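Let me give you the structure first, and then I'll get to my questions.
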């Protein structure tokens, strides 16, 4: 039952992100969606991921988004001519985009419907590994290289963001 | 819950994110849609990790989150830079290669 | 159906339901008491009398304040975003209450044998409690940011923007100091961390982490004050510059909710500090079953320090706040974390 509640929150949140005109509402809907996902991680016996999801995504990344949206202060999307027009009169690019999205959804549905062994319970075969200590051990031994590379990635992103957002001095 | 439930949910979220990227005309919403797609993938990783009883799924989730953070930082910096030039968030406003 | 009734009427269920109710009411009342204490302490420090008219020594002043807030007119600017304007104070106060859930405030007790099994004096015993508190605290910023944005007023917006920048900056140092303690204790459960601080060195120095990790405590205290937007870090509502910051446009109960959230957050940060650094409910003279008395004493002391700081220190400048957070506090917390890690590895603590 909890699964459907959290899944519903995640799906409705994501739908609102895509359909809202006001970016502030989009950001808030995405946060609601993240809370749904966090609940699902708890159901999957990964409490650490659930908490990190809230801390990093909802607590840091989304604050950054909200900050930028408020800073730019353009609440409404520029409603172009074609945006208010009848769906069939929209430009080719948008129609192709919609077709592509639909195609992707159909492909995913097709792939899932042809995969065997989806009926078994997710917790049936193995006991859960939810201890933070075990997570840390694997992260800093088996995934050491990836971890270090990620730290460099973050550093580069930070420098890049500072340079990009800096006002050029004339 | 069956693994199939989680995969279907993950697929639905990914499709919603993809639809957002294809259909919306607002740079901020585009970035948010990308976040939805990343999260859909995270869900599948954690669900598979639970099924196979390993921590690898959770660990890859952390890497995805780190990349998402980097992407958001650089993406938003780009958005701010672009907005300074054109006072618009519509990607169609940025069609010229040079200004 | 019978099972549900049996479960609902079982002593443990009733005990937990009562506990939740008691904590909820205590947090609300603590906000009222803190308002009174704040005014009295401020008056004392400025050689005034403070509230004296309502009740003996002005003791009924909080009730008068609450009644006044209830009957004020609810105002909303015409251009404000109606939905978010109402949502923002709700987010603020909800996160404030929620953050207290994983905080233990006493040893497990059976209430003099009333209960079949001992009950931990906390709402939710989660094994990643430290992280949950951190996560919920990081949600609090949304109430302030949304209030600032939805009010559609320049002062509110500036207050909201300042607070989001401030909270993001100080959260890092806050997290680093939490990580130091988690690493030192080897546990993320607040209950276990408190129990590790039992006992004395040399017979009289309590084994509190504040003595081993003074730097972590300093960082935690600074970041905690900044997270709760209290002076000297009260930029989001700096009245000389921003009227009242993010809650300029709020009145009546909506304003009261922000006010309550601020005081409850102070209580939560102090309670976490007591648990992490000052040995929680352990102390001399009082048996551990009555440990909550020690907890309340320590909590009251830290809350007094909050007021003390507010009425002693002038406010920082905004650029000083930012450079202090990024150039002093964060490097300090990181170095402390690294040194502690080395120490834990070397001495095998």
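The values are calculated or read from the model by the stated rules, or taken from the named source; none is laboratory data. The structure presented is a predicted model; accordingly, all values stated were derived computationally and were not measured. Methodologically, a virtual Cβ is constructed for each residue, glycine included, from the backbone with ideal geometry; neighbour enumeration extends over all protein chains shown.
Quick one: residue B:39 ticks every box in (1) at the interface with chain A (Cβ under 7 Å from one of its Cβ atoms); (2) in contact (Cβ under 8 Å) with a residue 24 or more places away in the chain; (3) over 19 Å from residue A:47 (Cβ atoms) bar one, so which box is it?
Against the list (1) at the interface with chain A (Cβ under 7 Å from one of its Cβ atoms); (2) in contact (Cβ under 8 Å) with a residue 24 or more places away in the chain; (3) over 19 Å from residue A:47 (Cβ atoms), residue B:39 comes up short only on (3).
Another question, then. Quick check, is residue B:96 surrounded by fewer than 24 Cβ atoms within 10 Å (Cβ to Cβ), over 28 Å from residue A:140 (Cβ atoms) and either facing chain A (nearest Cβ under 7 Å) or at pLDDT 80 or above (or both)?
On the way: surrounded by fewer than 24 Cβ atoms within 10 Å (Cβ to Cβ): yes; over 28 Å from residue A:140 (Cβ atoms): yes; either facing chain A (nearest Cβ under 7 Å) or at pLDDT 80 or above (or both): no.
Here the answer is no, as residue B:96 does not meet what is asked.
Next question, about the same structure. I'm trying to understand the selection: among the residues of the stretch A:47-71, which are over 30 Å from residue B:84 (Cα atoms) and either out of contact with any helix residue (DSSP H, G or I) (no Cβ under 6 Å at 6 or more places or on another chain) or at pLDDT below 85 (or both)? Please lay out each step first, then the result.
As a first pass, look at the stretch A:47-71 and keep what is over 30 Å from residue B:84 (Cα atoms): A:47-55.
Those that are over 30 Å from residue B:84 (Cα atoms) and either out of contact with any helix residue (DSSP H, G or I) (no Cβ under 6 Å at 6 or more places or on another chain) or at pLDDT below 85 (or both): A:47, A:52.
For the stretch B:45-65, what are the residues that are at pLDDT 90 or above, at the interface with another protein chain (Cβ under 8 Å from one of its Cβ atoms) and surrounded by fewer than 19 Cβ atoms within 10 Å (Cβ to Cβ)?
Across the stretch B:45-65, the qualifying residue is only B:63.
How many of the residues making up the stretch C:165-184 are more than 18 Å from the chain's Cα centre (by Cα), within 13 Å of chain A (Cβ to nearest Cβ) and either buried (at least 23 other Cβ atoms within 10 Å of the Cβ) or over 18 Å from residue C:221 (Cα atoms) (or both)?
2
I need the full set of residues from the stretch C:127-141 which are more than 7 Å from chain A (Cβ to nearest Cβ) and either crowded, with 24+ Cβ neighbours inside 10 Å or without any contact (Cβ under 8 Å) to a residue 24 or more places away in the chain (or both), in order please. Break it down into steps so the answer makes sense when it comes.
Taking the stretch C:127-141 as the starting set, the residues that turn out to be more than 7 Å from chain A (Cβ to nearest Cβ) are C:127, C:129-130, C:133, C:136-137, C:140.
Passing the criteria: C:129, C:130, C:133, C:137, C:140.
Ok, one more. Can you tell me which residue is farthest from the other protein chains (Cβ to nearest Cβ) among those in the stretch A:1-44 that are crowded, with 19+ Cβ neighbours inside 10 Å and assigned to a loop (DSSP other than H, G, I, E, B)?
A:20
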